[in-house]
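The values are calculated or read from the model by the stated rules, or taken from the named source; none is laboratory data. What you are looking at is a predicted structure, and each value in this text was computed from that prediction instead of being measured. Note: ideal-geometry Cβ built from the backbone for every residue, glycine included; neighbour counts use all protein chains shown. Surface accessibility is based on the protein's heavy atoms, side chains included, excluding ligands, DNA and RNA. Shrake-Rupley method; radii C 1.70, N 1.55, O 1.52, S 1.80 Å.
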Amino acid sequence: MSNTASDIADPRLAEYGAQRIDWAAREMPVIAQIRERFARERPFAGLRIAGCLHITSETANLALALQAGGADLTLCASNPLSTQDDVAAALVERVGISVFAVKGESNETYYDHIHRTIDANPQITIDDGADLVSTLHSDRRDALGDVLGGCEETTTGVIRLRAMAADGALAYPVMAVNDAATKHFFDNRYGTGQSALDGIIRATNLLLAGKTIVVAGYGWCGRGVASRADGLGAHVIVTEVDPLRALEAVMDGFRVLPMADAAAEGDVFITTTGDIHVIDAPHFSSMKSGAILANAGHFNHEINLDALSEITEQQRELKPYVTAHTTSDGRELLVLADGRLVNLSAAEGHPASVMDMSFANQALAVEHLLRADPALEPGVHDVPSEIDQSVARLKLASMGVELDALTDEQRRYLSSWDEGT
């Protein structure tokens, strides 16, 4: 057994975890190329990096790339249900990375693991939802002095960090990796679009064709879910608060309704907003018996589970990740994965091929933080377009896709103003 500091479910799972990491690596050629360069250049030699991330086989390949670059890594989960215990075991037992994560851990253990990760005195943070950053700025300000910068993986986390920056509370620079085009265009749309439905199908074995699916939010995640549900033959209703996104959903061929009206029609509800109580008490009272509620946003408060509990007379687990709430009028409302990320709780999360781009951005953003001259000021920073372009080119090359190049004549024309009709 490894002497690496850790809290994992079972170190004996390491062999299978290593196989899963290798399987994911087959679909992650961009991070593999970055890992090879990092191994040569060692840009992170001696650097302490803390990651509060979904501990999955894809995340493991990011961790291996950073470790190859010389980083000393400590990882914890960014969601109590998203950890793949065998992957956590492989990281600890096979490569000596400290991991504090157990699938199904309580909220108390979840935050204890974040504190134990902070105990490693990180110089760089990599977050997915900003719980690590938030804890550093509230309960663990003692560890803030060593932090040089950080990266944020998801929409919810970027929203929280921008709020912190607006309040003058954010003490160090953070790269908004989520906002990189090669992250949110692909990870959010294609990754969430496929994996959220995968989680629902695995949990329920439901045939989506002919069902009415209500998608709350038409950002990149909502677009992906709506598109994939439509492709599987479902009738899709979109709910939105943004008029431009609502208009786009209409132009894409979907019905747009307020949640108050959609609640009575939906067979399956999927939240993708990053906001609180998108499905709330008044909506539960309108839903048909057997309605399925799933969340593909980051935190489990998109569905007001407290309000649902208040009208629940009996609660029982029908099968793994499916909990039936029987109301006083005899209806059953089915909540998947306790309202947590359904794609990571009930399935395996995003396909490795899209996480390849997301984590390539993470790795290169960490390098940018260290090399930026002058050093970045505290606040939320965009990923430089050069990194986005580099990731896109590497991905295309791995797929055997070639691009045209502008001729000298075309470049001159694009930079001129005196040629017209």
* State whether the residues of the range 389-407 include one that is in a helix (DSSP H, G or I) and of a type in the set (Asp, Glu). => no
* To do: Identify the residue in the range 26-55 that is assigned to a loop (DSSP other than H, G, I, E, B) and open to solvent by 10 Å² or more (accessible area, probe 1.4 Å) and, among all such residues, is nearest to Ser134 (Cα to Cα).
  => His54
* Asked: Quick one: which of Asp198, Asp252 is among the charged types (D, E, K, R) and in contact with a strand residue (DSSP E or B) (Cβ under 9 Å, 6 or more places away or on another chain)?
  -> Asp252
* Structure fact -> In the range 297-312, anything modelled with pLDDT of 95 or more and under 15 Å from Thr155 (Cα atoms) is listed as Glu302
* Mind checking which residues of the range 345-360 are within 22 Å of Phe299 (Cβ to Cβ), surrounded by fewer than 24 Cβ atoms within 10 Å (Cβ to Cβ) and of a type outside the set (Gly, Ala, Ser)? -> Glu348
* Taking into account only those residues within the range 164-185 that are part of a helix (DSSP H, G or I) and in contact with a Gly (Cβ under 8 Å, 6 or more places away or on another chain), which is surrounded by the most Cβ atoms within 10 Å (Cβ to Cβ)? -> Asn178
* To do: Scan the range 186-230 for residues that are open to solvent by 10 Å² or more (accessible area, probe 1.4 Å), within 14 Å of the chain's Cα centre (by Cα) and hydrophobic (A, V, I, L, M, F, W, C) and report the count.
  => 3
* Answer residue from the range 387-420, given it is open to solvent by 100 Å² or more (accessible area, probe 1.4 Å) and among the basic types (Lys, Arg) and is farthest from Ser358 (Cα to Cα) among those -> Arg412
* Considering every residue within the range 8-16, establish whether at least one is in a loop (DSSP other than H, G, I, E, B) and modelled with pLDDT under 95. => no
* Out of Arg340, Arg331, which single residue is of a type in the set (Lys, Arg), farther than 24 Å from Ile21 by Cβ and open to solvent by 20 Å² or more (accessible area, probe 1.4 Å)? -> Arg331
* Under 9 Å between Cβ atoms, at least 6 apart or on separate chains: pull out the pairs that start in the range 247-271 with a residue that is on the phi > 0 side of the Ramachandran plot and modelled with pLDDT of 95 or more and end on any residue that is open to solvent by 50 Å² or more (accessible area, probe 1.4 Å) and part of a helix (DSSP H, G or I). => Gly253/Asp230
* Every residue from the range 116-140 that is farther than 20 Å from Leu47 by Cβ, outside any loop (DSSP other than H, G, I, E, B) and under 21 Å from the mean Cα position of the chain (by Cα) -> Asp131, Ser134, Thr135
* To do: Can you work out which of the residues in the range 137-173 that are small (Gly, Ala, Ser) and within 16 Å of Gln362 (Cα to Cα) is modelled with the lowest pLDDT?
  => Gly157
* Name the residue, out of His298, His283, His277, that is in contact with a strand residue (DSSP E or B) (Cβ under 9 Å, 6 or more places away or on another chain), surrounded by 23 or more Cβ atoms within 10 Å (Cβ to Cβ) and part of a loop (DSSP other than H, G, I, E, B). => His298
* Asked: For Gln314, which of the numbered conditions (1) open to solvent by 40 Å² or more (accessible area, probe 1.4 Å); (2) within 21 Å of the chain's Cα centre (by Cα) fails to hold?
  -> (2)
* **The listed residue being out of contact with any helix residue (DSSP H, G or I) (no Cβ under 6 Å at 6 or more places or on another chain), of a type outside the set (D, E, K, R) and either open to solvent by 30 Å² or more (accessible area, probe 1.4 Å) or more than 29 Å from Gly379 (Cβ to Cβ) (or both), out of Ala89, Ala120** => Ala120
* Asked: Do any residues in the range 327-342 that are within 20 Å of Ala264 (Cβ to Cβ) and part of a strand (DSSP E or B) have Cβ atoms under 8 Å from those of residues that are open to solvent by 10 Å² or more (accessible area, probe 1.4 Å) and of a type in the set (D, E, K, R), where the two are at least six apart or on different chains, and which pairs are they?
  -> Thr327/Glu313
* Enumerate the pairs (first residue in the range 8-25 and open to solvent by 50 Å² or more (accessible area, probe 1.4 Å); second residue anywhere and part of a loop (DSSP other than H, G, I, E, B)) with beta-carbon separation below 6 Å, excluding pairs fewer than 6 apart on the same chain, so at least 6 apart or on different chains. => Ala9/Val102
* Within the range 241-258, identify whether any single residue is outside any loop (DSSP other than H, G, I, E, B) and either closer than 26 Å to Ala324 by Cβ or of a type in the set (S, T, N, Q) (or both), and answer yes or no. => no
